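S.K.: Handing you this structure, nothing more for now.
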Amino acid sequence: EAREQNEEAMVAWLQQAIKKHPTVLEPRLMLARYYLGSGQADQVAPLFADLDEMQRRSRPVLEMTALAQLAGQQHAVANATLEQLIASNPDTAHYHYLLAMAAGGEGDQRKAKQELLQAHQLDARHVPTLVALARLSLVEQAPEQFEQYLDTLLTLAPEAPDVLRLQAIAAQRAGDTDEALAHATRAYNASPGTQTLLEWVGYQKLAGQGDAARTSLQQWIEEHPEDVAVRLALANDLQVENDLEGAQAQYTAVVKLDPDNVMALNNLAWNLRLEDPAQAVDYIRRAAQAAPDRAEVLDTLAVIEHLNGENRLAHRNIQRALAAAPDNLSMRYHKAMIEAALGEKEPAITALESLLAEGEFPERAEAEKLLASLRG
């Protein structure tokens, strides 16, 4: 059934095997691998729930459990599972690599680096570890180490998608956008997915192929309509091109798929702030509930409250936004705008004069008009 790509029947046979032979691990492990590969990581843990203690602590079950936990972003739980796995298998480079991924997901970069170096010491040819170390060297701004890791990877796995992605980075750093795009294209063709697509599109834009990049995003969404990340990328691209209707359609689709998506809610609210401020309030308050301390959300909330005549609330929220992003000129303009609406003329004039002297920002023309009107 698997060879015939009949996944439903394949799953049914494995489930029947598990039912008839509940103490045998292999059908469970095969089904777990299928669930992981098809993006159903949450289905893995129940497969092992009714096993006895010895089976649950066995190497293949712990490894599959850890992979599912990592796929489900359960980094703390995966950390504990991998520590248990490494305790009985201390010399397996791949397990130290996985522990590094779990530690990194928890934000413990020191432990992540330590585990990567341990994995590399155990197996200097472990490709995932080399890829992770190469990316870490970029973060740490260590170009010589990056080149060393990349050279090793080009010997071991020159056509691996992750290695092609690193080659694209190296080419772009060297100023060769065409070569970077070529590597990114090969990486996407070898392993089409959200991440390789977004990277490929990014290089298309750098190469001046904006229309092709947008087409790439649109074609992907036609085939993968539930891909939120790609819909957001397309929406932002349309927004930059001032196609607000197209952008709104994508943001609306994202909110249907992910009702608490802060970026989509925030941008929907911002785009509607003038034509439908009441609807904009609904969107931005949902965003603020999901992310109460995000500066851009507080800024949008303040502007929409101002447009709805709630200037006291608006003033409080723009102050909170500026506490998180004090150098943002647009937010400083919004504060001056709200102060002017509250009748605080002199502070507004002072603020406008100061920010107009500092540089460019999207609403500079509006700020100049407001200053002129306040001066009389």
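S.K.: In whole Å, how far is the Cα centre of the range 159-232 from that of the range 25-68?
M.R.: What the calculation gives is 33 Å, centre to centre.
S.K.: I need the peptides 152-159, 175-182, 63-70 ranked by packing, meaning the mean over residues of other C-beta atoms within 10 angstrom, with the highest value on top. List each step's numbers first, then the result.
M.R.: Numbers: 152-159: 14.2, 175-182: 15.8, 63-70: 22.8.
Those peptides, ordered most packed to least, come out 63-70, 175-182, 152-159.
S.K.: About its Cα centre, what dipole magnitude does the range 220-307 give when the only charges are +1 on Lys and Arg Cβ and -1 on Asp and Glu Cβ, stated in debye to the nearest 20?
M.R.: On the way: 6 positive and 17 negative charges, 70 e Å.
Charge dipole, the range 220-307, about its Cα centre: 340 debye, nearest 20.
S.K.: Given a 1.4 angstrom probe, what's the average accessible area per residue across the chain, in square angstrom?
M.R.: 53 Å²
S.K.: Placing unit charges on C-beta atoms (Lys and Arg positive, Asp and Glu negative, everything else neutral), compute the dipole magnitude of the range 1-140 about its Cα centre in debye, rounded to 20.
M.R.: So the magnitude is around 180 debye.
S.K.: With the cut-off at 1.5 for a/c, could you classify the range 182-244 from its C-alpha gyration tensor as rounded, prolate or oblate? Please list the in-between numbers first.
M.R.: Numbers: a/c = 2.26, a/b = 1.22, b/c = 1.86.
In terms of gyration-tensor shape, oblate.
S.K.: Using the Kirkwood formula over every pair of different C-alpha atoms, what hydrodynamic radius in Å results for the chain? Before the final figure, lay out each step's value.
M.R.: Details: mean 1/r = 0.0406 Å⁻¹.
Every distinct Cα pair counted, the radius reaches 24.7 Å.
S.K.: For the range 233-275, what's the radius of gyration and Dmax over Cα atoms, in angstrom?
M.R.: 9.4, 26
S.K.: A follow-up question, please. If you take all C-alpha pairs in the range 311-376, what percent of them are over 21 Å apart?
M.R.: Values: 308 of 2145 pairs.
In whole percent, the long-distance tail amounts to 14.
S.K.: Mind checking Rg over Rh on the range 10-150, alpha carbons, Kirkwood formula for Rh?
M.R.: On the way: Rg = 16.9 Å, Rh = 16.1 Å.
Over the Cα atoms of the range 10-150, Rg/Rh equals 1.05.
S.K.: On a C-alpha basis, how far is the centre of the range 242-291 from the centre of the range 83-142 in Å? Whole number, if you could?
M.R.: 39 Å
S.K.: Note the per residue figure in Å³ for the convex hull of the C-alpha positions in the range 254-376.
M.R.: In the range 254-376, the Cα convex hull volume per residue is 99 Å³.
S.K.: Also, I was wondering about something else. Using only the Cα atoms of the range 39-83, each taken as one equal point scatterer with no solvent, compute I(q) by the Debye sum, divide by I(0), and report log10 of the ratio at q = 0.32 Å⁻¹.
M.R.: Values returned for q = 0.32 Å⁻¹ are -1.21.
S.K.: Assign one of three labels to the range 1-53, namely rounded, prolate or oblate, based on the Cα gyration tensor with a ≥ b ≥ c the square roots of its eigenvalues; rounded applies when a/c is under 1.5, prolate when it is not and a/b is larger than b/c, and oblate otherwise.
M.R.: It is oblate, given that a/c is not under 1.5 and a/b is not larger than b/c.
S.K.: Could I ask something else about it? Run the helix sum for the chain: -39,500 (n - 2.57) per DSSP H stretch of 4+ residues, divided by residue count, reported at 222 nm to the nearest 500 deg cm²/dmol.
M.R.: -24000 deg cm²/dmol
S.K.: Across 5 Å bins from the origin, how do the percents of Cα pairs in the range 127-247 run, short distances first?
M.R.: Cα pair-distance distribution for the range 127-247, in percent: 2, 12, 19, 20, 18, 13, 10, 5, 2, 0.
S.K.: Here is a further query. Quick check: residue separation of L138 and A341 times 0.36 nm, minus the Cα distance between them. What number comes out in nm?
M.R.: Taking 0.36 nm per residue and subtracting the Cα distance, the gain is 68.3 nm.
S.K.: How large a share of the accessible area of the chain, in percent, is made up of carbon and sulfur atoms when the probe is 1.4 Å and the other protein chains stay in place?
M.R.: Exposed carbon and sulfur together represent 49 percent of the surface.
The values are calculated or read from the model by the stated rules, or taken from the named source; none is laboratory data. All values reported here derive from a predicted model rather than from experimental measurement. Because the Cβ atoms are built from the backbone with ideal geometry, glycine has one as well, and the counts that use them run over all protein chains shown. Only protein heavy atoms, including side chains, enter the accessible area calculation; ligands, DNA and RNA are left aside. Shrake-Rupley method; radii C 1.70, N 1.55, O 1.52, S 1.80 Å.
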